[in-house]
1. Hey, among G258, G211, which residue is in contact with a strand residue (DSSP E or B) (Cβ under 9 Å, 6 or more places away or on another chain) and at positive phi?
2. Does the stretch 211-228 contain any residue that is more than 22 Å from the chain's Cα centre (by Cα) and acidic (D, E)?
3. Just to be sure, is V132 in contact with a strand residue (DSSP E or B) (Cβ under 6 Å, 6 or more places away or on another chain) and modelled with pLDDT of 95 or more?
4. Being more than 14 Å from G187 (Cα to Cα) and crowded, with 18+ Cβ neighbours inside 10 Å is true for just one of A260, A308. Which residue is that?
5. Check S235, S309 and return the single one that is of a type in the set (S, T, N, Q) and either over 26 Å from A86 (Cβ atoms) or in contact (Cβ under 8 Å) with a residue 24 or more places away in the chain (or both).
6. Of all helices (runs of 4 or more DSSP H) completely enclosed by the stretch 73-150, which ones contain at least 1 residues that are polar (S, T, N, Q)?
Amino acid sequence: MPSATTDLDGCSEGHRTPGQVPGRSTAGGRERSRVIGLVTDSNAQLPGDLRERYQVAVVPLTVVVDDHPYQEGVDITAAEFYGRLAAGASVSTAAPSPGAVLTAYEQLAAAGATEILSIHIGSNTSATVNAVTVAAGSSPVPVEVIDTGTASFAVACCVWAAGEVLAAGGDLARAADVARRVAGQVGNVFIVGALDLARRGGRLAADAAAGEGLPVLALADGQIEAVGRVHDVESAVDAMTAYVVDGAGGAPQRVGVGDALTPELAGEYAARLADRPEVAELVRYEIGPSVGAHTGAGTVGACFFPAAS
């Protein structure tokens, strides 16, 4: 939640928390701070450290397991979900309702937000932005909606970049511009635990699963493409590390490494990346149900974007 609005006396800005940006108020001729609320959805897989650092409100997507709806990150854990999936449960995902999104906006406004930046999974893969747009029309404070055109931790990268802008004192317009820029810059690479799930979801390119070996994949424009092929997980770590290094082009990157019940392999991959001079900051995240429903347990990957965004 955003911090409460703080009066400023014009001599000192005092302590500014992330998401809190000073602006003008005519009341009594005094300057008051604006408070920018930052919102995303659970498909972003935003880890707790980034969520706390930038005070991000997360709206859960719905995960349906054997016809029973659950709220991602609220009443079903990743481990529980993958256990059900391994047991043969039918799974699907659904966007949050406009009412659920509106509740998040109302809570932010009640906590002092004067405007909201709402950054979400792309409309090319989810109906979430539709729900967000409807909710924004009824929000008690103005909402800027960002359709990232991407999914999973790539969305979190946009939130991460926007949070950095707000923490440095930037305004909503600047944070929104940076989020949109990162949406076009963010790279990703991964191996999946269940190619059949990706194929069934219609996101796997026809040739991605063809041929021998384990495909190394990347998501672009809502489609999963093969960017390499290996024969064991050690080679996969090599290939994914090289992909991030090549994509960085020598520029410092912020990187997220995620896994679905494969923390040791992800730890090895993260350690390899952390040793690279191109990596300015690295965080770990858990691949939850709204992504795992399309990739399965055993998935490991990374998302990365320029630290200077």
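1. Answer to the selection: G211.
2. yes
3. Details: in contact with a strand residue (DSSP E or B) (Cβ under 6 Å, 6 or more places away or on another chain): yes; modelled with pLDDT of 95 or more: yes.
Criteria met by V132.
4. Values: A308 fails: crowded, with 18+ Cβ neighbours inside 10 Å.
None of the other options fit; the residue is A260.
5. Values: S235 fails: either over 26 Å from A86 (Cβ atoms) or in contact (Cβ under 8 Å) with a residue 24 or more places away in the chain (or both).
Answer to the selection: S309.
6. Values: elements: 78-86, 98-110, 128-136.
Because the criterion is at least 1 residues that are polar (S, T, N, Q), the helices (runs of 4 or more DSSP H) in the stretch 73-150 that meet it are 98-110, 128-136.
The values are calculated or read from the model by the stated rules, or taken from the named source; none is laboratory data. Not measured: the values here are computed from a predicted model. A quick note on method: Cβ atoms are made from the backbone with ideal geometry, for glycine too, and the neighbour counts reach across all protein chains shown.
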